[in-house]
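Nothing in this text is a laboratory measurement; each read-out follows from the coordinates by a stated rule. These figures come from a predicted structure and were not determined experimentally. Positions of Cβ are backbone-derived with ideal geometry, glycine not excepted, and every protein chain shown enters the neighbour counts.
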Amino acid sequence: LGIVDLPVDPFAVAAFEGRRLRLKEHDLGDRFDGQLEYHPAPRCFVLLLNTKYDKETPGHRHPRTRFSLGHELGHYHLDAHRAYLMGGGKWHGSRGEFESDRNTEFEADAFAAALLMPRRFVSPIVNQGELTVARIEQIAQTCGTSRVSAAIRAVELSDFPCALVAVRAGRVAYRSQSECFAPAGCYPERQRWSPTARRAWEAFAAGGRLPEAKEAQIKDWFQTYDDPHDVDSVYVTEQYFAAPQMQTLLVLLTMDESDLRRGARDDEDLD
Ligand SMILES: [Zn+2]
């Protein structure tokens, strides 16, 4: 598609489809963020895009508008989604980013994230070093996305051990991790989260200030099996940041790569 620089322009990507895809932009209030329909008579897709968020960012598109368009382009480009729509299937309007449990919605979100944050450009930024909230901010700014989407994509592309956990309504709503954990014998368990993160959630829910970074242990977050390296006692750093418009607290987990690989037994040798 000739994408050469950031931020990617999803409107140009949509326009590339010409008459096969008609984009209709309106302030749709709270109805939905985006919706894609197939119209058999003119044989085209109609993409309805809610532009209400753009009022907050005069002169340019709001990250959420960009993401919604990317999401609907996912429904358009992913074969199974397109086949469903062309067969007369209807989708409810999409809403939010990575908020739905439905698999098809998650696939469209992943498409949007990959479109707006291409691996080729974003992976070198992510892998400058261990992931930090500051670097997630930088990616969000550069790519014109929300911090939530930038965080999810960054963790996905990171070569370092890191994980992202989103807490909503006092429960873990979403979590993902880089690929380093399974080889170390650590497996995510959805509702396993640390006491320090629970306190951060309570502060967030009460409208208070988020704590600074805290330390916890890997077993506070992961199930560990058949543990030849005693990874249970590896320390993880928790960094908290908020997505208030989604009523979500995000916890970024990072840890020392060599700790995860060697485990605590070797740490004793270092003392
Ligand atoms: Zn959708």
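Observations on the model:
- Selection from region 98-113 of residues that are under 19 Å from V8 (Cβ atoms) and either away from the ligand (no atom under 11 Å from the Cβ) or surrounded by fewer than 17 Cβ atoms within 10 Å (Cβ to Cβ) (or both): F98, E107, A110, A113
- Region 14-52, residues that are assigned to a loop (DSSP other than H, G, I, E, B), among the hydrophobic types (A, V, I, L, M, F, W, C) and closer than 18 Å to G70 by Cα: F16, L28, F32
- Condition check for R95: crowded, with 16+ Cβ neighbours inside 10 Å and under 16 Å from P10 (Cα atoms): no
- Residue in region 20-33 that is of a type outside the set (D, E) and within 11 Å of the ligand (Cβ to nearest atom) present: yes
- Candidates R61, R82: the one that is under 25 Å from the mean Cα position of the chain (by Cα), in a loop (DSSP other than H, G, I, E, B) and at negative phi is R61.
- The single condition among (1) out of contact with any Asp or Glu (no Cβ under 7 Å at 6 or more places or on another chain); (2) away from the ligand (no atom under 11 Å from the Cβ); (3) farther than 17 Å from L115 by Cα that K52 does not meet is (1).
- Complete set of residues in region 69-84 that are within 11 Å of the ligand (Cβ to nearest atom) and in contact with a helix residue (DSSP H, G or I) (Cβ under 7 Å, 6 or more places away or on another chain): G70, H71, L73, G74, H75, Y76, L78, H81
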